[in-house]
Amino acid sequence: MKNYEMDLCSGSLWKKIFFYSLPLMFSNILQVLFNMSDVAVVGKFAGPIALGAVGSTSILITLFTGLLIGLASGVNALAALHIGSKDSKNLGQTVHTALILCFTTGILIMVLGIIFSHGILSLMNTKEELISDAVLYLRIYLLGMPALALYNFGNAVLSAAGDTKRPLYYLLLSGVINVLLNLFFVIVCRWDVAGVAAASIISQYLSALLILTVLFKSREGFGLRFRCLKVNHEKMMQILRIGIPSAFQYGLFAIANLFVQTGVNSFDHVMVEGNSAAANADPLVYDMMAAFYTACSSFIAQNLGAGKRERILKSFYLCLLYSFLTGLIVGVGFYVFRYPFLALFTNDGAVAEAGICRLSIMALSYSVSAFMDCSIAASRGLGKSILPTIIVIMGSCVFRIVWIYTVFAHFKTIQSLYLLYVFSWLITALAEMIYFFAAYRKTSAKLPVTSGEQ
């Protein structure tokens, strides 16, 4: 049988971080492309009302998904720590507790979301002609939250064990089925928004089933056993101490970006449309860089568990270098190919030029975010999450709002608005790096001195 797990505590860090992160990067890109395909199918075959209805729920879906991803980050860090220390007992308690915790959270989001979906969309001032379809789409989509929670749980556990390939395979399979079902439900069955939502939840349950099957069949310490499915309250609190701040961070980023969008909306429709077109580069760049942040947490947590202090720091530096170069190369690449890229979203020359204005600033800015996000991931690998989250809230959320009402309010140019990204990342990165190095020195002082680290 093929061994998918990777030992993160020995061997060349250059190679292992790269090959660990590559499947994660492809997984993240696939998720973005599959989401784009959902919107494309609705826009092409269901009409503008259906497209607007689906689009009006995107912030909420991003928020709910972010909560589950944030919770899974706690699972990943704690599981990697126990794998590194070869502590089978605590590892087993962690994964079984995490399964119940994540599944319960998914059900809670589903139930509350379905109950309050109409009220929330109304508070968001969703247009009257869109709200009926938007509520229908959101309620059907929310039925897949338990499955999404289980997939993120399984992905977190397998990634902690060094296995990033199988989650990619399962995502690829479920994503292809999602696209095919989108086309079938919308074109053949004419279910419009309901069809797209139904296709999404079917693919989510398929990916969850595949990843759970692997974990229940596994004989490794992170494998699942029905007889062991019970909550260990100590492990639950450890997961929540890392996962809740991370989940909270996702929510506040969404709120902060609403203020940024409000600033964009103060310009004419051409600038708004150009910003929307150019912003399609954001998730592709961020998600490619995010693969190295996951690697950073996993490598640091495993090596912390193994007591290998030198590999902790080397893992941070290498993940930072990889993520920085990825942001720089891909960001500049989007600017170099700005015209064909923007042509995918608009045929209007004025809109394209407005989009280029955004790309010209963001092309070099993306890479700066690596210093902030990689430091946060490194701190989580050390088991520290609360203070890094407070720092990022102040630097990248509160700071952005203050910038909009001061710097942007003074200059009132689109360039002054876009520059808030790089400045907020710089100030947050400085604080996050100071905190990480302080936490590393404190943590490493408690570790035994090991020899022969590579």
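The values are calculated or read from the model by the stated rules, or taken from the named source; none is laboratory data. All figures in this text were calculated on a predicted structure; none of them were measured in a lab. Don't worry about glycine lacking a Cβ; one is built from the backbone with ideal geometry, like all the others, and counts go over all protein chains shown. For accessibility, only protein heavy atoms count, side chains too; no ligands or nucleic acids. Shrake-Rupley method; radii C 1.70, N 1.55, O 1.52, S 1.80 Å.
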Residue ranges of helices (runs of 4 or more DSSP H) in region 280-353 with at least 2 members closer than 25 Å to residue 422 by Cα, touching a strand residue (DSSP E or B) at 6+ places or on another chain (Cβ under 6 Å) and not charged (D, E, K, R): none
Residue match in region 330-340 (condition: among the β-branched types (Val, Ile, Thr), without any contact (Cβ under 8 Å) to a residue 24 or more places away in the chain and in contact with a helix residue (DSSP H, G or I) (Cβ under 7 Å, 6 or more places away or on another chain)): no
Looking only at region 46-61, and only at residues there that are open to solvent by 60 Å² or more (accessible area, probe 1.4 Å) and touching a residue at least 24 places away in the same chain (Cβ under 8 Å), the one that is nearest to residue 138 (Cα to Cα): 59
Some residue of region 376-398 being open to solvent by less than 20 Å² (accessible area, probe 1.4 Å), farther than 26 Å from residue 255 by Cα, of a type in the set (A, V, I, L, M) and touching a residue at least 40 places away in the same chain (Cβ under 8 Å): yes
Of the criteria (1) open to solvent by 20 Å² or more (accessible area, probe 1.4 Å); (2) at pLDDT below 95, which one residue 368 fails: (2)
Filtered residues of region 147-169 (kept if farther than 20 Å from residue 292 by Cβ and among the hydroxyl-bearing types (Ser, Thr, Tyr)): 151, 169
Test for residue 111: is it farther than 30 Å from residue 8 by Cβ and either touching a His at 6+ places or on another chain (Cβ under 9 Å) or in contact (Cβ under 8 Å) with a residue 40 or more places away in the chain (or both): no
Unique residue being at pLDDT 95 or above, of a type outside the set (Gly, Ala, Ser) and open to solvent by 50 Å² or more (accessible area, probe 1.4 Å) when the list is 250, 286, 322, 335: 335
Residue among 78, 30 that is assigned to a helix (DSSP H, G or I), crowded, with 17+ Cβ neighbours inside 10 Å, in contact with a Leu (Cβ under 7 Å, 6 or more places away or on another chain) and in contact (Cβ under 8 Å) with a residue 60 or more places away in the chain: 30
Within region 152-169, considering residues that are within 12 Å of residue 207 (Cβ to Cβ), within 16 Å of the chain's Cα centre (by Cα) and not aromatic (Phe, Trp, Tyr), the one surrounded by the fewest Cβ atoms within 10 Å (Cβ to Cβ): 168
